[in-house]
Each structure stands twice: as C-alpha cells, then as structure tokens.
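Student: Pasting a structure below so you can have a look.
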Amino acid sequence: VQLQASGGGLVQAGGSLRLSCAASGRTFSSRDMAWFRQAPGKEREFVTSIAYGGYGSAYADSVKGRFTISRDNAKKMVYLLMSSLKPEDTAVYFCAAKRPGKRPGNSVVDYDYWGQGTQVTVSS
C-alpha cells in the first residue's frame with residue numbers, strides 16, 4: 001500500500017484547507033484510514049479516523065467540530081476538510097492505513113502504512 005498526501009499550504013487563522021490522500025492497492029475499501037499530525041518538537045498525534053466502510057469516524061477533542069474526514073472508496077481517496085484553523089493546527093499531516101481486519105485503536109502503532117506527509121501552516 002502506498003499513500004500520497006497533498007493539499008497542505010499556508011493559511012490564515014480562521015481559514016479552511018482540504019487535504020487529500022491517494023491510496024494504491026486492491027484492498028483500500030477494507031482498510032480503516034486516519035490522519036495524524038506532527039508539530040516540530042512534538043510526537044505524532046491522532047487527528048481523525050474513518051472506518052473502512054465510511055460508516056464511523058473518530059476525532060481528537062482538539063479538532064472536533066472543525067475537521068471532517070471522508071473517503072471515496074471507488075477513487076481510493078481519503079479527505080480531511082479543516083475549517084476554523086488555528087495556529088496550533090500547524091504541523092505536518094500524515095495519512096495512514098491499517099491492515100484489513102486489524103483491531104480497533106487510533107494510536108500510531110495501530111496503523112501499518114504511512115504517507116509522506118504534507119505541511120500545514122496556520123498564521124495568526
């Protein structure tokens with residue numbers, strides 16, 4: 001599985017940005033997907049996840065009500081719509097995928113495949 005994240009950039013506080021993650025492979029529709037982020041000097045942290053069928057999602061408290069994850073299994077794409085952005089959202093954002101059938105969980109070790117990351121910078 002290969003993951004390619006895109007859509008990052010520089011945006012003012014209060015603005016919006018949509019990240020995309022393109023996946024390769026034949027089992028995309030069977031994989032839970034997630035976005036993580038890592039700010040300079042900090043550990044990588046969970047942002048949001050979506051179940052393989054798109055029927056369930058989870059969000060970190062820090063982004064609830066502002067970020068929305070979605071997926072298009074036919075296109076093998078995952079999206080992250082980020083609104084009301086804050087300077088503290090500045091980080092490299094990574095998309096991640098689980099092996100099919102893996103146990104529930106949203107820590108870094110629960111995900112098996114990672115994209116290269118895309119930089120999001122929110123100016124105040």
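Student: Counting Lys and Arg as +1 and Asp and Glu as -1, what is the net charge of the other residues whose Cβ lies under 12 Å from the Cβ of Arg37?
Tutor: Details: positive: Lys42, Arg44; negative: Glu43, Glu45, Glu88, Asp89.
Spelling it out: positives minus negatives among the neighbours equals -2.
Student: Another question, then. What number comes out for accessible area per residue over the chain if the probe is 1.4 Å? Units Å², please.
Tutor: 51 Å²
Student: Got a number for carbon plus sulfur as a percent of the chain's accessible area, 1.4 Å probe?
Tutor: Working: 3080 of 6350 Å².
C and S atoms contribute 49 percent here.
Student: With viscosity set to 0.692 mPa s and temperature to 37 °C, compute the Stokes-Einstein D of the chain, Rh being the Kirkwood radius across alpha carbon pairs; µm²/s, no decimals.
Tutor: On the way: Rh = 14.2 Å.
It diffuses with D of about 231 µm²/s by this estimate.
Student: Report the relative contact order of region 1-117, percent, no decimals, based on alpha-carbon pairs under 8 angstrom and at least 6 residues apart. Present the calculation step by step, with values, prior to reporting the outcome.
Tutor: Numbers: 248 pairs, mean separation 39.9, N = 117.
Reported as a whole number, the value is 34 percent.
The values are calculated or read from the model by the stated rules, or taken from the named source; none is laboratory data. Note that the coordinates shown come from a computational prediction; the quantities given were computed from them, not determined experimentally. Please note: Cβ atoms are built from the backbone with ideal geometry, for glycine as well, and neighbour counts cover all protein chains shown. Each accessible area value is taken on the protein alone, full model and side chains, heavy atoms only, with ligands, DNA and RNA left out. Shrake-Rupley method; radii C 1.70, N 1.55, O 1.52, S 1.80 Å.
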